[in-house]
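A.B. asks: There's a structure below that I have some questions on.
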Amino acid sequence: MLSPLIPRSSHPQPVVAVIGESKGGSEVTDFIVPYSILKRSGYFTVVSVGTTSTTLKMVQGCFSIETDHTITSFKESFPDGADILIVPNQINQKDAILKAFIVDQAEKGAKVVGVCDGVWSLVNAGLIAGKQCTTHWFTRGGLEKVGGLVVKDRRYVDDGNIITTTGVTASIPVSLAIVEAVAGRDAAKRVAGELGAVEWGSEYDSSPFTLGKLVPKIIQTSMNWKKDILGIEFSTGIDELELAVVSDIYNRTGGSKVITYGKSAVIVSKNGLKLIPQEQALPSGSKKIEFVGANSIQVLDNALLDVANRYGKASAARAATEMEYPGMV
């Protein structure tokens, strides 16, 4: 559970900015899941921001988005700054413009949330030393070397004006925790029920997530020399959260590669994210992926089960381990 979050008096709702570094791009699940959950809850004003451009690549997603703002236009629209700044993992974690923006928002009073390896952009901004924190299991040990106080077996850690999370899929429980911190537990229960999430507490067992357990899975799945090309079709109203986790999963199997396609250059998702597909049509010889499930958590779980059926249990375990998804490793 997070400490209560109170927005600025000048904001009718808490303003949430999800920031991506424009040149390299942002990790797809880290970026889209918090955007999607907080936006669909109805309790936040959520905007996507690119550092210097409104075109932002979604890494592991094989598509781009058109952000609502650049940093310049965000500052013009929200001169008081964000109440909550979401920092996903970036390809260019040490980008100077990104660093300056994080520092600026923190100084204005924003609660800064480092999702997964987004924490390293917070390290670069000087916000982690002396703070209780966490990150993806693969890089967690490095936080102690830069002065972070690493907390074990927690999917997210709250320390003052900083929240950090473990790998990739921790973006789901931390987003629900943020809903609870702003709107109360009943509100979080409603959103969680829509997603199919049973709980969003911070406690979990991190012991299955180690390099020693991942390496054998990588060796097994590296035998899949020929990768299937799997297509995800973009249509108006597509659920952006499901798109993020499904594309992320199939790009981590060792046996498949995802492409995205749609008839329009820009397609608006269920909760208002502007998506830019790679292609206009499904390429010849590729296979279409369907989202299977009554809710987003079922879609995630069923995607991992489909990976196990297509490429073997080691491939599903590899994807789940890389995404730090408990219960599927």
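A.B. asks: Taking the range 239-262 only, how many residues are of a type in the set (D, E, K, R), at pLDDT 95 or above and either touching a strand residue (DSSP E or B) at 6+ places or on another chain (Cβ under 9 Å) or part of a helix (DSSP H, G or I) (or both)?
C.D. replies: Qualifying residue count, the range 239-262: 3.
A.B. asks: Just for the range 111-162: of the residues that are among the aliphatic types (A, V, I, L, M) and out of contact with any helix residue (DSSP H, G or I) (no Cβ under 9 Å at 6 or more places or on another chain), which one is farthest from L2 (Cα to Cα)?
C.D. replies: The residue in question is V151.
A.B. asks: Just for the range 12-57: of the residues that are more than 12 Å from the chain's Cα centre (by Cα) and aromatic (F, W, Y), which one is farthest from A106 (Cα to Cα)?
C.D. replies: Y43
A.B. asks: A further question on this structure: Would you say S9 is without any contact (Cβ under 8 Å) to a residue 12 or more places away in the chain and either outside the structural domain of N92 (by TED's automatic domain parsing) or within 13 Å of the chain's Cα centre (by Cα) (or both)?
C.D. replies: yes
A.B. asks: Return only the number of the condition from (1) part of a helix (DSSP H, G or I); (2) modelled with pLDDT under 95; (3) buried (at least 20 other Cβ atoms within 10 Å of the Cβ) that V179 does not satisfy.
C.D. replies: (2)
A.B. asks: Mind checking whether some residue in the range 145-152 is in contact (Cβ under 8 Å) with a residue 12 or more places away in the chain, surrounded by 17 or more Cβ atoms within 10 Å (Cβ to Cβ) and within 17 Å of the chain's Cα centre (by Cα)?
C.D. replies: No, every residue in the range 145-152 fails to be in contact (Cβ under 8 Å) with a residue 12 or more places away in the chain, surrounded by 17 or more Cβ atoms within 10 Å (Cβ to Cβ) and within 17 Å of the chain's Cα centre (by Cα).
A.B. asks: Another one. Can you report the number of residues in the range 312-329 which are surrounded by fewer than 22 Cβ atoms within 10 Å (Cβ to Cβ) and either within 20 Å of I232 (Cα to Cα) or without any contact (Cβ under 8 Å) to a residue 60 or more places away in the chain (or both)?
C.D. replies: Qualifying residue count for the region: 3.
A.B. asks: OK, next. For residues that are in contact with a helix residue (DSSP H, G or I) (Cβ under 6 Å, 6 or more places away or on another chain), buried (at least 23 other Cβ atoms within 10 Å of the Cβ) and in a loop (DSSP other than H, G, I, E, B), tally how many sit in the range 15-50.
C.D. replies: Count: 2.
A.B. asks: Residues of the range 262-284 being over 18 Å from the mean Cα position of the chain (by Cα) and crowded, with 19+ Cβ neighbours inside 10 Å, which ones?
C.D. replies: Hits for the range 262-284 are G262, I267, P277.
The values are calculated or read from the model by the stated rules, or taken from the named source; none is laboratory data. Everything numeric here is computed off the predicted structure, so don't read it as measured data. Neighbour counts are summed over all protein chains in view; Cβ atoms, including those assigned to glycine, are modelled from backbone coordinates with ideal geometry.
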